[in-house]
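Chemist: Pasting a structure here, questions to come.
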Amino acid sequence: MIATPAQIEQGTSHDEKNYLNVSSGFASWAFTLDHKRIGIMYLVGIAVSLLLGGIFALLVRLHLWYPAGGMFDAKTYNEIFTLHGAIMVFLFIIPSVPASLGNFFLPIMLGAKDVAFPRMNLASFYLWVIGAIFFVSAMLISGLDTGWTFYTPYSVETSTAPVVCATMGVFILGFSSIFTGLNFVVTVNTMRPPGMTWFRMPLFLWSLYATGIIQLLATPVLGITVLLLGLEATLHIGIFDPKYNGDPVLFQHFFWFYSHPAVYIMILPAMGVVSELLPVYCRKHIFGYKFIALSSVAIALLGFLVWGHHMFVSSQSALTAVIFSGLTFSVAIPSGIKVFNWLATMYKGNLYLTTGMCYVLSFLFLFTIGGLTGLHLGSLATDVALHDTYFVVAHFHYVMMGGSLIAFIAALFHWWPKMFGKMYNETWGRISALLVFVGFNLTFFPQFLLGSLGMPRRYASYEGREGFPVSETMLQQFTALHRVSTTGAMILGVGLFIAAGTLIAALYYGRRAPRNPWGGATLEWTCQSPPIHHNFHETPTVGDPYIYANLEWDPDLEGYKPLPPASPTPAHEQEPVG
Amino acid sequence: MSASAHADDHSHHRFQAHHFETGEQQFQAGKLGMWLFLSTEVLFFSGMFCAYAAYRAAHPQIFEDAAKFLKPELGAANTIVLLLSSLTVAWSVRCVQLNDKKGLLANLIITLACAGIFMGVKTVEYSIKFTEGLFWRGGYTYVEGSHPDLGPTHERLMYTGLVMLGIGVLLGVIGIVLGANSVGRRWAFYALAATVIGAGVGCLAGNAYTQGAEGDEHHAEAAAHADHEHEHGEEAAHGEEEAEGEGNVAVEDQEAVEELEGTDRVDGLEHPETAEQAIEQVQSPGEIQAEEASADVVLTKEKLVYASEGPKFPGVFFSIYYAMTGVHAIHILAGIGVFVWIVSRAARDHFEPHYYGPVEYTGLYWHLVDLIWIFLFPLLYLIQ
């Protein structure tokens with residue numbers, strides 16, 4: 001019996017140089033082509049963006065403590081929520097899981113040494129940096145008050161410089177995103193190791209693959225849209241600006257043709273994370289592998305057909321609206337399949353409530369609420385009433401933040417030992433998960449109520465004025481709910497800081513991580529923690545990534561190790577039971 | 001495994017990246033990457049094609065009329081030039097597969113010269129439109145019946161073309177001098193020289209053709225009109241005298257011109273009496289920006305002034321024209337840059353039958369740029 005490379009490596013000591021200490025100095029990072037280092041650099045950039053966007057979010061919430069708005073004038077308030085939205089969407093969520101964790105783990109999960117185009121990968125990171133610089137300059141110029149959607153005609157009437165700055169930033173970030181997606185699709189297509197058929201790929205890779213397809217097909221449309229918008233604002237080309245015979249609704253069509261699929265760029269990798277973490281922490285084979293894999297692709301494709309549901313009240317024809325509404329409901333099917341399969345995976349599983357698992361459980365709860373409230377917005381009659389209210393705000397925060405951000409944190413806790421070779425403090429991790437869960441619901445659940453009571457989004461005050469009359473009862477309700485929401489946001493903020501603190505403290509005080517602390521069966525757990533520069537000495541041979549029966553807890557290692565093969569059947573030829 | 005091991009034997013080349021198992025795997029990855037990139041390019045242009053379709057569907061007559069300002073002959077010439085360059089690109093790939101370095105370099109140089117010619121002809125087209133005031137919507141200063149003097153533009157274009165020829169020759173000489181000890185650098189300069197000379201030729205030929213064509217038109221109309229000279233940039237005074245000016249390229253119908261003279265100071269809307277008759281509303285310059293609200297479009301066969309849309313409406317056609325051809329031209333420029341690099345690498349013997357990925361990928365890109373032009377040409381120049 002020949003030992004697998006993984007077993008050979010298991011026996012070696014930890015002395016081998018890993019990707020973090022194989023070389024040092026600024027240049028060794030700035031010009032690195034190593035996907036792991038690029039992933040780490042992305043992670044740092046994304047974390048800074050999250051902090052920035054989060055501060056703006058807290059400012060928005062604090063401002064709304066008083067009905068008249070407590071902190072800023074209306075114009076400044078508009079700028080703050082715009083920056084919150086734009087930074088969170090373009091700088092944080094879209095690159096979050098794919099560009100940082102995807103970059104780090106996609107090649108390792110494939111048993112490859114790197115992504116297909118390492119230089120393009122580095123270029124993608126620097127494009128992200130340049131795009132971020134454009135955003136920061138738009139912020140410093142001040143006056144970006146269009147909302148993250150840049151709707152015409154307002155975006156071509158308000159001050160030009162920050163809008164042009166921000167749209168150029170979006171254009172450049174788009175290329176960054178395209179490069180990442182292209183790299184992932186090509187890498188998965190051409191660099192899978194022997195034994196890894198399409199349906200033996202870890203589900204995280206399926207979701208990154210589907211994400212890559214969306215990034216490739218949707219982002220260029222956003223690119224041309226913001227390019228034309230920039231030309232409209234500077235040269236008045238008359239394509240979107242009604243003052244020059246343009247059509248503002250055309251802008252909305254173009255914008256949402258990208259930005260709706262972009263929602264799936266944000267959520268699909270998060271779903272991949274959940275599909276990856278759940279079976280590990282339930283010690284049970286994933287339920288309905290093929291359905292989860294194919295539903296990712298189905299979501300990616302259906303996601304292109306529903307952009308009109310953002311425009312039910314933008315003078316679409318009634319027929320168009322009905323068609324878009326129907327197609328919108330169809331997206332619920334693959335999403336429902338996923339949630340069903342996740343629940344079925346947990347059923348009779350052996351649950352380990354690690355921090356990662358706690359976050360995954362909150363994901364399931366929050367994403368389900370977010371998804372189900374999407375049905376209210378997808379049906380025409382209710383959407384007309386709820387459009388542009390806090391109901392919409394609550395809905396997409398449940399999906400984007402309760403979905404993507406929570407899964408991102410879950411993934412960070414899950415893979416932190418592999419990325420940096422250090423174990424985090426489980427107690428503090430769980431406390432953060434609890435605070436985030438409670439804080440999140442306190443923040444956003446009241447917003448569903450606010451929205452159904454008629455509180456419009458993006459308003460700087462709710463004391464009532466001409467065109468927005470607020471009765472005494474309404475004012476009391478609004479005030480109470482806004483204050484609950486603001487309190488929740490503070491708790492949420494504290495929870496996120498504790499999560500970040502736990503992870504950062506692990507780097508300094510954490511005990512050394514074993515190869516496989518959680519007993520995962522995907523390839524990243526067979527290489528050293530942290531991985532060596534080229535990930536693997538030999539291209540590994542792989543089998544089903546969700547069979548845990550041949551892993552055994554070793555108290556000496558404080559981690560899992562592969563059982564010596566009991567039968568002459570090599571591990572990779574075993575089929576899942578049932 | 002056995003297949004890849006087999007490929008291993010004779011496909012290890014010096015440019016194989018460490019993370020690929022075989023040269024074949026690297027080639028396939030690059031090719032898939034390029035195809036995916038091309039799909040993003042198609043979608044990038046699709047936004048503008050959609051805008052074109054939306055505006056054309058909404059204002060078909062305006063698009064037809066405005067398109068008459070484009071010269072199909074120049075577009076056709078550019079189409080032929082680009083098709084030729086696609087042929088040479090395909091041929092260059094075949095040459096590198098056959099290890100024919102001379103053929104590879106020759107084909108790439110012809111490709112670059114074609115790209116240069118294309119840009120030269122585009123320069124002529126853009127310059128003349130700018131002189132006539134046919135800008136995008138926001139900068140549109142063309143006034144019905146105006147007849148700017150194109151003489152200085154033609155002269156300038158001629159000098160531009162000659163200067164380009166000079167620069168091209170100079171680049172060639174620099175290549176010979178600087179490239180004494182670097183074959184790659186020498187050929188990069190040759191490639192640039194070919195491009196710039198191509199641009200000069202395109203500029204001169206396009207200019208000469210346009211000038212000739214205008215001379216013919218002028219001749220035909222000379223009998224009916226007195227000569228009006230209009231300086232470039234005099235559009236501020238539009239409204240009165242330009243309306244009386246002689247017919248331009250699009251206005252050949254004498255009746256329409258007379259009708260125009262009669263009604264050019266009418267501010268309100270008038271209803272069309274017959275389809276043949278022209279009714280226009282030339283607003284005073286101050287009002288043009290302010291009110292261009294929608295109402296029924298009043299159309300004539302020959303004229304570009306529309307009662308409902310304001311006299312600047314055809315600018316939207318030119319917005320789309322400049323956006324599409326401009327973005328396409330940027331792609332040509334990018335292609336030129338990459339081809340210069342490919343020529344330089346080819347001259348240094350980097351490519352061989354087992355490693356020619358970059359030639360093939362650049363070729364694919366070039367075919368797509370060509371293909372997009374194949375759509376732009378009929379949509380903008382030909383559909384009537």
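The values are calculated or read from the model by the stated rules, or taken from the named source; none is laboratory data. Remember, it's a predicted structure, so these values are computed and weren't measured experimentally. We place every Cβ from the backbone using ideal geometry, glycine too, and count neighbours over all the protein chains shown.
Chemist: Find the residue count for the range A:237-247, including only residues that are in contact with a Phe, Trp or Tyr (Cβ under 8 Å, 6 or more places away or on another chain), touching a residue at least 40 places away in the same chain (Cβ under 8 Å) and facing chain B (nearest Cβ under 8 Å).
Modeler: 1
Chemist: Let me ask you something else. For the range B:139-152, indicate whether the set of residues that are more than 14 Å from chain A (Cβ to nearest Cβ), assigned to a helix (DSSP H, G or I) and farther than 26 Å from A:D241 by Cβ is non-empty.
Modeler: Within the range B:139-152 (the criterion being more than 14 Å from chain A (Cβ to nearest Cβ), assigned to a helix (DSSP H, G or I) and farther than 26 Å from A:D241 by Cβ), the answer is yes, since at least one residue qualifies.
Chemist: Show me the helices (runs of 4 or more DSSP H) entirely contained within the range A:363-434 in which 1 or more residues are out of contact with any Gly (no Cβ under 7 Å at 6 or more places or on another chain) and charged (D, E, K, R).
Modeler: Working: elements: A:380-386, A:390-399, A:406-420.
By residue number, A:380-386, A:406-420.
Chemist: Something else about it: Can you pull out the residues in the range A:333-355 that are outside any helix (DSSP H, G or I) and of a type in the set (G, A, S)?
Modeler: Of the range A:333-355, the ones outside any helix (DSSP H, G or I) are A:347-354.
Within the range A:333-355, A:G349 is the sole residue that qualifies.
Chemist: Separate question: Considering each of B:V89, B:V96 in turn, give the residue that is under 18 Å from B:Y356 (Cβ atoms) and in contact with a Gly (Cβ under 6 Å, 6 or more places away or on another chain). Give the derivation first.
Modeler: Values: B:V96 fails: in contact with a Gly (Cβ under 6 Å, 6 or more places away or on another chain).
Only one candidate passes the filter, namely B:V89.
Chemist: Further question on the same structure: Of the residues in the range B:369-384, how many are more than 30 Å from B:R186 (Cβ to Cβ), buried (at least 17 other Cβ atoms within 10 Å of the Cβ) and not hydroxyl-bearing (S, T, Y)? Outline the logic, then answer.
Modeler: Just the residues of the range B:369-384 that are more than 30 Å from B:R186 (Cβ to Cβ), to begin with: B:371-384.
This time we only want the ones that are buried (at least 17 other Cβ atoms within 10 Å of the Cβ), so: B:372-373, B:376-377, B:379-381.
Filter again for not hydroxyl-bearing (S, T, Y), leaving B:372-373, B:376-377, B:379-380.
Qualifying residue count, the range B:369-384: 6.
Chemist: What is the number of the single condition among (1) more than 30 Å from B:M324 (Cβ to Cβ); (2) at the interface with chain B (Cβ under 8 Å from one of its Cβ atoms) that A:P202 does not meet?
Modeler: (2)
Chemist: Examine the range A:116-132 for a residue that is farther than 22 Å from A:A460 by Cβ, of a type in the set (V, I, T), more than 14 Å from every other protein chain (Cβ to nearest Cβ) and surrounded by fewer than 17 Cβ atoms within 10 Å (Cβ to Cβ), and state whether such a residue exists. I'd like the intermediate steps shown before the answer.
Modeler: In the first step, residues of the range A:116-132 are kept if they are farther than 22 Å from A:A460 by Cβ; the result is A:116-132.
If we keep only those that are of a type in the set (V, I, T) too, we end up with A:129-130.
Then keep just the ones that are more than 14 Å from every other protein chain (Cβ to nearest Cβ); that gives A:129-130.
Those left that are additionally surrounded by fewer than 17 Cβ atoms within 10 Å (Cβ to Cβ): A:129-130.
So far as the range A:116-132 goes, yes, one or more of its residues are farther than 22 Å from A:A460 by Cβ, of a type in the set (V, I, T), more than 14 Å from every other protein chain (Cβ to nearest Cβ) and surrounded by fewer than 17 Cβ atoms within 10 Å (Cβ to Cβ).
Chemist: Restricting the search to the range A:496-520, which residues are polar (S, T, N, Q) and either under 13 Å from A:G421 (Cβ atoms) or surrounded by fewer than 21 Cβ atoms within 10 Å (Cβ to Cβ) (or both)? Give the derivation first.
Modeler: Filtering the range A:496-520 for residues polar (S, T, N, Q) gives A:502, A:516.
Result: A:N516, single match.
Chemist: State which residue is farthest from the chain's Cα centre (by Cα) when the search covers only the range B:345-365 and only residues that are closer than 17 Å to B:R185 by Cβ and crowded, with 22+ Cβ neighbours inside 10 Å. Give the steps one after another, and end with the answer.
Modeler: Of the range B:345-365, the ones closer than 17 Å to B:R185 by Cβ are B:345-350.
With crowded, with 22+ Cβ neighbours inside 10 Å added as a condition, the list becomes B:346-347.
Details: B:A346: 29, B:A347: 30 Å.
Checked the range B:345-365; the qualifying residue farthest from the chain's Cα centre (by Cα) is B:A347.
Chemist: May I pose another question? Filtering the range A:302-330 down to residues that are without any contact (Cβ under 8 Å) to a residue 40 or more places away in the chain and either of a type in the set (V, I, T) or more than 22 Å from A:P248 (Cα to Cα) (or both), which residue is surrounded by the most Cβ atoms within 10 Å (Cβ to Cβ)?
Modeler: This residue is A:L302.
Chemist: Right, another one. Please list, ordered by residue number, the helices (runs of 4 or more DSSP H) wholly in the range A:116-203 having 1 or more residues that are under 17 Å from A:F92 (Cα atoms). Can you show your working first?
Modeler: Values: elements: A:118-141, A:154-157, A:160-190.
Here the list reads A:118-141, A:160-190.
Chemist: Can you confirm whether A:L250 is facing chain B (nearest Cβ under 8 Å), surrounded by fewer than 24 Cβ atoms within 10 Å (Cβ to Cβ), outside any loop (DSSP other than H, G, I, E, B) and in contact with a Cys (Cβ under 9 Å, 6 or more places away or on another chain)? Steps first, answer last, please.
Modeler: Values: facing chain B (nearest Cβ under 8 Å): yes; surrounded by fewer than 24 Cβ atoms within 10 Å (Cβ to Cβ): yes; outside any loop (DSSP other than H, G, I, E, B): yes; in contact with a Cys (Cβ under 9 Å, 6 or more places away or on another chain): yes.
Against the criterion (facing chain B (nearest Cβ under 8 Å), surrounded by fewer than 24 Cβ atoms within 10 Å (Cβ to Cβ), outside any loop (DSSP other than H, G, I, E, B) and in contact with a Cys (Cβ under 9 Å, 6 or more places away or on another chain)), A:L250 qualifies.
Chemist: Look through A:A344, A:A433 and report the one residue that is surrounded by 24 or more Cβ atoms within 10 Å (Cβ to Cβ), of a type outside the set (S, T, Y) and either under 29 Å from A:A505 (Cα atoms) or in contact (Cβ under 8 Å) with a residue 40 or more places away in the chain (or both).
Modeler: Working: A:A344 fails: surrounded by 24 or more Cβ atoms within 10 Å (Cβ to Cβ).
The unique qualifying residue is A:A433.
Chemist: Are any residues in the range A:215-236 more than 8 Å from chain B (Cβ to nearest Cβ) and either more than 29 Å from B:L36 (Cα to Cα) or among the acidic types (D, E) (or both), and if so, which ones?
Modeler: The answer is A:E232, A:A233, A:T234.
Chemist: Can you confirm whether the range B:74-92 contains a residue that is of a type in the set (F, W, Y) and surrounded by fewer than 21 Cβ atoms within 10 Å (Cβ to Cβ)?
Modeler: Filtering the range B:74-92 for residues of a type in the set (F, W, Y) gives B:91.
Cutting the leftovers down to surrounded by fewer than 21 Cβ atoms within 10 Å (Cβ to Cβ) gives us B:91.
Taking every residue of the range B:74-92 in turn, at least one turns out to be of a type in the set (F, W, Y) and surrounded by fewer than 21 Cβ atoms within 10 Å (Cβ to Cβ).
Chemist: Then there is this: Hey, among the residues in the range B:31-54 that are more than 8 Å from chain A (Cβ to nearest Cβ) and crowded, with 20+ Cβ neighbours inside 10 Å, which one's nearest to the chain's Cα centre (by Cα)?
Modeler: B:Y52
Chemist: Name the helices (runs of 4 or more DSSP H) wholly within the range A:1-83 that hold at least 2 residues that are on the phi < 0 side of the Ramachandran plot and at pLDDT below 95?
Modeler: On the way: elements: A:5-11, A:26-30, A:35-63.
Qualifying helices (runs of 4 or more DSSP H): A:5-11, A:26-30.
Chemist: If A:C358 satisfies all but one of (1) over 21 Å from A:L412 (Cα atoms); (2) in a helix (DSSP H, G or I), what's the number of the condition it fails?
Modeler: If we test A:C358 against (1) over 21 Å from A:L412 (Cα atoms); (2) in a helix (DSSP H, G or I), just (1) comes out false.
Chemist: Counting only residues that are within 29 Å of the chain's Cα centre (by Cα) and in contact (Cβ under 8 Å) with a residue 40 or more places away in the chain, which one in the range B:93-109 is farthest from B:A194 (Cα to Cα)?
Modeler: Filtering the range B:93-109 down to residues within 29 Å of the chain's Cα centre (by Cα) leaves B:93-94, B:103-109.
Adding the requirement that they be in contact (Cβ under 8 Å) with a residue 40 or more places away in the chain leaves B:93, B:104-105, B:108-109.
Numbers: B:V93: 19, B:L104: 15, B:L105: 12, B:L108: 10, B:I109: 6 Å.
Across the range B:93-109, the extreme among qualifying residues is B:V93.
Chemist: Sort out which residues of the range A:64-108 are among the β-branched types (V, I, T) and away from chain B (no Cβ under 14 Å), and write them in order of number. Can you show your working first?
Modeler: The first filter runs over the range A:64-108 and keeps only residues among the β-branched types (V, I, T), leaving A:76, A:80, A:82, A:87, A:89, A:93-94, A:97, A:108.
A:T76, A:I80, A:T82, A:I87, A:V89, A:I93, A:I94, A:V97, listed by residue number.
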